[in-house]
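The values are calculated or read from the model by the stated rules, or taken from the named source; none is laboratory data. Here the structure is a predicted model, which means the values were calculated and not measured. A quick note on method: Cβ atoms are made from the backbone with ideal geometry, for glycine too, and the neighbour counts reach across all protein chains shown.
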Amino acid sequence: MKWVIAALATLLLWGLWGVLLKRVSQGGTWYQVYVATNTAIVVVVAIVAVAKGLSWAQEAGWRWFALSFITGLAGTLGYILLVLSMEWGGKASIVVPLTSLYPAVTVVLSRLILGETLSIRQEVGVILAIIAVVLLSLE
């Protein structure tokens, strides 16, 4: 049950984030928005690093650290492109639902890379999510 509360809180925070991101992208360039919004990440990273100590990276191994770094890089580049899409005139009501289709990409890549499988119900859910995003994005 704890995970449901965390997931719902994420839903609310990311919904707020999408609206606020559109607002700030209207007042600055993509790199100003990127630096300003990611200042919060630097603060959180510093707090976690102090709380957990710096030995966690060595304990996990450098291969894990490199893969984690690439993961962060993918997220960072996606975030920059998201900000650019709003700076270039995309509506938050269209850009955010469209980019929220990333789980469909995750599903395909999880099958190809991780060998995961989906039930018919889950596959139908992905198809319905795609339909929902298309309907939300129509003007």
**OP:** Would you be able to tell me the number of residues in the stretch 20-48 that are assigned to a helix (DSSP H, G or I), β-branched (Val, Ile, Thr) and within 28 Å of residue 89 (Cα to Cα)?
**Re:** 6
Original post:
Quick check: is even one residue across the stretch 56-76 under 25 Å from residue 134 (Cα atoms) and of a type in the set (A, V, I, L, M)?
Top reply: yes
Subject >> Which numbered condition residue 51 misses (of (1) within 21 Å of residue 20 (Cβ to Cβ); (2) in a helix (DSSP H, G or I)) >> reply: (1)
Original post:
Taking interchain pairs and intrachain pairs at least six residues apart, which have beta carbon atoms under 8 angstrom, with the first residue in the stretch 121-139 and without any contact (Cβ under 8 Å) to a residue 40 or more places away in the chain and the second not in a helix (DSSP H, G or I)?
Top reply: 126/118; 129/101; 130/101; 133/100; 133/101
**OP:** Inspect all residues belonging to the stretch 63-73 and state whether any of them is over 17 Å from the mean Cα position of the chain (by Cα) and of a type in the set (Phe, Trp, Tyr).
**Re:** yes
**OP:** Could you please give the count of residues in the stretch 74-128 that are polar (S, T, N, Q), within 13 Å of the chain's Cα centre (by Cα) and exposed (fewer than 11 other Cβ atoms within 10 Å of the Cβ)?
**Re:** 0
**OP:** Scan the stretch 79-105 residue by residue and report those that are more than 19 Å from residue 17 (Cβ to Cβ) and part of a helix (DSSP H, G or I).
**Re:** 104, 105
Original post:
With respect to the numbered conditions (1) β-branched (Val, Ile, Thr); (2) without any contact (Cβ under 8 Å) to a residue 40 or more places away in the chain; (3) outside the structural domain of residue 14 (by TED's automatic domain parsing); (4) in a helix (DSSP H, G or I), which one is the sole condition not fulfilled by residue 117?
Top reply: (4)
